[in-house]
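The values are calculated or read from the model by the stated rules, or taken from the named source; none is laboratory data. Remember, predicted model here, so these are calculated numbers, not experimental data. Counting neighbours? That spans all protein chains shown, and the Cβs are built from the backbone with ideal geometry, glycine included.
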Amino acid sequence: MPEQLYRSLVWLDVRLGMLFAVGLPLVLLLWAALRKEQALVRLMGLYWKVASLQLIALLLLTDNRPTGFLLLVVAPLLVVASLWFWVDLNEELADMPPWRALPLTLRIWRWSLTLLSLAGASLAVTALPCMGGAGATLRLCLAWQEAPQGLHGVVARVFAFVFGGAWTPGVAAFVGYVALVAYAVGLLQWLVVRLPRLGRVAGEF
């Protein structure tokens, strides 16, 4: 695939991700909270907990850490699982009037994000050779680092203004690794303790 086309696809994935994985979920969470739709609030809360892995990937990619490229594949797949896994929430959503604005919007968003996440994970698979620094793919690896490094520049300026300190790529990677350990511990605790006890009933993660 031509390098320019590949870079365009990566940036398309980033821009659609900002819309469907960040912007719309925030709107839906606030909307559901205002309407006091507790099932939808729980679904969106669980989504945000799982989707935080994508932020961890951005932190690691800021400093070109190999684990970040792996998370580019794993994070969207976990997001898809978090959207459809919960039997009780699926049943409550199915019982809502299909043409009410909030449930309809959530259904459209859930299907759209599912397709986008699967497509994004498929594209990110091509970046897995970057974990080993494969020479032939280094230029393609840079395409995946452009957005994280651009975001890092914004965060660094805000951090310096507010705290008067330096937010370096190394600091970002350290925070990313700490967050990844906490995420893994939480996921393991849910898999070992809560899943066997509650099954596919929405619970804390």
Cβ-Cβ under 6 Å pairs, at least 6 apart or on other chains, the range 1-28 side farther than 22 Å from ARG100 by Cα, far side exposed (fewer than 13 other Cβ atoms within 10 Å of the Cβ) and among the hydroxyl-bearing types (Ser, Thr, Tyr) = none
Residue count for the range 169-184, restricted to those that are farther than 17 Å from ARG65 by Cα and either of a type in the set (Ser, Thr, Tyr) or more than 18 Å from the chain's Cα centre (by Cα) (or both) = 1
Could you tell me whether the range 39-54 includes any residue that is out of contact with any Leu (no Cβ under 9 Å at 6 or more places or on another chain) and assigned to a helix (DSSP H, G or I)?
-> yes
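Yes or no: the range 124-131 includes at least one residue that is surrounded by 14 or more Cβ atoms within 10 Å (Cβ to Cβ), in contact with an Asp or Glu (Cβ under 9 Å, 6 or more places away or on another chain) and not hydroxyl-bearing (Ser, Thr, Tyr).
In the first step, residues of the range 124-131 are kept if they are surrounded by 14 or more Cβ atoms within 10 Å (Cβ to Cβ); the result is 124, 126-131.
Subset that is in contact with an Asp or Glu (Cβ under 9 Å, 6 or more places away or on another chain): 124.
Keeping just the survivors that are not hydroxyl-bearing (Ser, Thr, Tyr) gives 124.
Among the residues of the range 124-131, at least one is surrounded by 14 or more Cβ atoms within 10 Å (Cβ to Cβ), in contact with an Asp or Glu (Cβ under 9 Å, 6 or more places away or on another chain) and not hydroxyl-bearing (Ser, Thr, Tyr), which makes the answer yes.
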Output the helices (runs of 4 or more DSSP H) that fall wholly within the range 86-201 and possess 1 or more residues being within 22 Å of VAL74 (Cα to Cα), or say none.
-> 101-125, 138-163, 169-189, 195-198
Does the range 145-156 contain at least one residue that is hydrophobic (A, V, I, L, M, F, W, C), at pLDDT 85 or above and surrounded by 11 or more Cβ atoms within 10 Å (Cβ to Cβ)?
-> yes
Buried (at least 17 other Cβ atoms within 10 Å of the Cβ), part of a helix (DSSP H, G or I) and modelled with pLDDT under 90 - does that describe any residue in the range 63-83?
-> no
Long-range neighbours under 9 Å by Cβ, at least six apart or interchain, first residue free of Cβ contacts under 8 Å to residues at least 12 places away in the same chain and over 19 Å from LEU72 (Cβ atoms) within the range 29-55, second assigned to a helix (DSSP H, G or I) and charged (D, E, K, R) = GLN38/GLU92
Matching option when the condition is within 12 Å of the chain's Cα centre (by Cα) and either buried (at least 18 other Cβ atoms within 10 Å of the Cβ) or modelled with pLDDT of 95 or more (or both), among LEU43, LEU60, LEU53, LEU28 | LEU53
